[in-house]
Amino acid sequence: MRQIRIFDTTMRDGEQSPGCSMNPGEKLQVAKQLEKLGVDVIEAGFPISSPEDFQAVQAIAKAVKNSVVCGLARCVEADVRRAYEAVKEAAYPRIHVFIATSDIHLAHKLRMTREEVLEKVREMVTLAASLVEDVEFSAEDASRSDYEYLAQVLSVAAECGAKTLNIPDTVGYCIPSEMEELVRYMRTHVKGAENVVFSVHCHDDLGMGVANTLAAVRAGADQVECTVNGIGERAGNAALEEIVMALRTRRELLGADTRINTKQLYRTSRLISTITGSSVAPNKAVVGANAFAHESGIHQHGVMMERATYEIMNSGDIGIPQNRMVLGKHSGRHAFVDRLTELGYALSDEEVGVAFEAFKKLADQKKSITDRDLEAMVGSQKGSFVPEYTLETFVVNSGSVISATANLKLKNREGEICQRVAYGAGPIDAAFKAIEKATKVKAQLDSYTIQSVTEGEDALGEVVVKLTSGGYHYVGRGLSTDIIEASIKSYLNGINKIIAGLRERQG
């Protein structure tokens with residue numbers, strides 16, 4: 001059976017989705033999880049785009065041992081050389097070179113002729129191939145390009161050393177029959193096609209990203225490019241988890257599978273959701289909260305009699321945990337670590353200490369601790385930097401006949417206490433203003449969302465805020481059984497990320 005290569009671009013194309021930016025520490029955390037998931041190629045970023053992105057790609061290249069680590073580059077010499085510097089220490093480095101090939105892009109974006117693009121491809125793919133053995137070439141907006149010209153461009157790329165030829169549906173314009181025809185045409189008209197891997201990169205503007213990807217697989221594509229949870233520009237990319245489970249569930253029909261460890265899909269989805277602050281819709285295929293839920297009496301009866309009556313996948317195969325009480329306030333550290341290991345978490349001794357302390361506090365507040373509680377708690381504790389400020393105490397007053405006030409006490413890294421009082425339009429607004437006064441950091445609040453992690457009166461509340469400061473975007477996250485405390489923690493987490501970002505950029 002054909003093994004389809006999974007090329008994950010969550011940290012490059014996915015990060016371009018508004019509000020989904022990640023700092024280098026978060027990217028490294030994601031890369032390690034993608035390696036555990038079994039992704040074949042990790043596109044770690046666009047090294048020329050910023051010093052921070054270069055740093056992230058370089059760190060990932062050094063840390064990842066079992067997956068190809070890829071850096072993106074335009075057909076520009078500076079881009080290619082910067083990408084090489086970022087990935088050169090990887091166990092399996094790849095440079096991914098791209099340029100647009102559709103007439104609309106040539107005329108209005110590149111302002112280049114077809115001949116000029118061909119020459120640029122020849123020069124830059126040759127340069128990339130002189131630096132690394134593994135070169136991928138992408139023809140941006142391939143699906144709207146002239147087939148004959150596109151085949152010519154891909155032939156030149158193959159001739160000059162590209163081992164993977166990517167055919168992107170950059171704007172999500174294709175329908176499945178067109179995508180299948182496009183891939184078949186290139187496989188029969190590109191010179192040297194027998195020596196390269198054909199790949200596709202489908203966007204979801206018309207809701208057909210996954211369908212187009214599967215059509216390409218049927219036509220002979222051996223690599224597919226996708227993102228976790230389908231995040232990405234505009235309507236997003238083809239979703240990794242949907243492609244993988246479609247291939248796994250219908251492998252007899254499609255004649256293909258992947259080497260992905262599907263039991264890590266749910267955890268990977270949760271990690272991306274946590275870091276980016278982008279919630280997964282309840283009805284999202286494969287990893288949504290309702291993907292394996294049944295409310296209809298007829299459906300419930302059918303599933304109880306035989307799961308396959310209404311479920312074509314097993315939730316356990318995806319790594320979706322069952323909500324069951326396994327720990328409580330009398331549980332010890334050993335049992336706590338064992339359960340986290342069963343859930344797939346590998347924490348350092350220091351991280352275990354912080355997480356266990358948080359667990360004990362949570363166990364005092366909740367009657368029962370579920371796996372989802374543990375996942376949410378560890379996700380909020382496992383950070384990529386040491387915070388500048390931590391919350392010591394807070395008192396918030398609000399009512400219909402008084403002004404909302406917040407009295408917050410924060411502690412900085414040096415152990416100094418800073419206490420501030422602020423008024424606001426409501427208790428949360430007052431608390432946020434008190435944090436800004438204490439930290440002397442101003443930020444624009446772009447969004448505020450709150451949701452319950454588990455069920456019941458003592459459910460954990462998860463608050464996610466998205467902030468803008470100095471033209472950069474940050475995501476803050478807080479968790480507590482008290483929604484005011486969760487809100488304060490989320491905003492303080494975002495402010496700490498702003499401070500950390502400023503420190504990194506200032507060297």
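The values are calculated or read from the model by the stated rules, or taken from the named source; none is laboratory data. No experiment lies behind these values; they were computed from the predicted model shown. Cβ atoms come from the backbone with ideal geometry, glycine included; neighbour counts cover every protein chain shown. Surface accessibility is based on the protein's heavy atoms, side chains included, excluding ligands, DNA and RNA. Shrake-Rupley method; radii C 1.70, N 1.55, O 1.52, S 1.80 Å.
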Inset, instruction - State the Cα centre-to-centre distance between the stretch 341-365 and the stretch 134-201 in whole Å. - result: 48 Å
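If you average the sequence gap of Cα pairs under 8 Å that are 6 or more apart and divide by the length of the stretch 79-133, what percent do you get for the contact order?
On the way: 34 pairs, mean separation 24.6, N = 55.
Relative contact order comes out at 45 percent.
So between GLU504 and TYR423, what do we pick up on full extension, going 0.36 nm a residue minus the alpha carbon distance?
Numbers: separation 81, 0.36 × 81 = 29.16 nm, distance 3.24 nm.
Extra length available between GLU504 and TYR423 comes to 25.9 nm.
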Inset, instruction - Note the full-extension length gain between ALA91 and GLU159 as 0.36 nm times their separation in residues minus their Cα-Cα distance, in nm to one decimal. - result: 22.0 nm
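Per DSSP H run of at least 4 residues, take -39500 (n - 2.57); add these up for the chain, divide by its residues and hand me the 222 nm value, nearest 500 deg cm²/dmol. Intermediate values should be presented prior to the final figure.
Numbers: 17 runs with 207 residues, N = 507.
One gets -12500 deg cm²/dmol as the mean residue ellipticity at 222 nm.
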Legend entry - Surface share of carbon and sulfur [accessible, 1.4 angstrom probe, percent] for the chain: 50 percent
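If you add up the charges near GLU43, with Lys and Arg at +1 and Asp and Glu at -1, over every other residue whose beta carbon is less than 13 angstrom from its beta carbon, what do you get? Provide the component values of the computation, followed by the final result.
On the way: positive: ARG5, ARG12, LYS27, ARG94; negative: ASP8, ASP13, GLU15, ASP40, ASP53, ASP134, GLU136, GLU225.
Net of charged neighbours comes to -4.
Which whole-number percent gives the relative contact order of the chain, counting Cα pairs below 8 Å spaced six or more residues apart? The partial results should precede the final answer.
Values: 1037 pairs, mean separation 53.5, N = 507.
Relative CO of the chain lands at 11 percent.
Exceeding 32 Å between C-alpha atoms, which entries from my cross-link table qualify? They are LYS36/LYS88; LYS27/LYS284; LYS284/LYS411; LYS32/LYS120; LYS27/LYS442. Walk me through the numbers before you get to the answer.
Numbers: LYS36/LYS88 22 Å; LYS27/LYS284 24 Å; LYS284/LYS411 40 Å; LYS32/LYS120 35 Å; LYS27/LYS442 25 Å.
Correct reply: LYS284/LYS411; LYS32/LYS120.
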Legend entry - Simple label model, 7 Å out from Cα along Cβ direction - LYS437 to ARG114, nm: 6.8 nm
Inset, instruction - Place the peptides 499-505, 371-377 in order of packing, highest mean first, counting for every residue the other Cβ atoms within 10 Å and averaging per peptide. - result: 371-377, 499-505
Inset, instruction - Would you mind working out the accessible area per residue for the chain, using a 1.4 Å probe, and quoting it in Å²? - result: 44 Å²
Legend entry - C-alpha long axis of helix 427-439 to longest principal axis of the chain, angle in °: 80 degrees
Legend entry - Whether the stretch 186-259 is rounded, prolate or oblate, judged on the alpha carbon gyration tensor where a/c under 1.5 counts as rounded: oblate
Legend entry - Tilt relative to the chain, helix 240-249 - C-alpha long axis, 0 to 90 degrees, to 10: 70 degrees
Legend entry - Helix 176-189 vs. the chain, principal-axis angle (Cα, 0 to 90°, nearest 10): 40 degrees
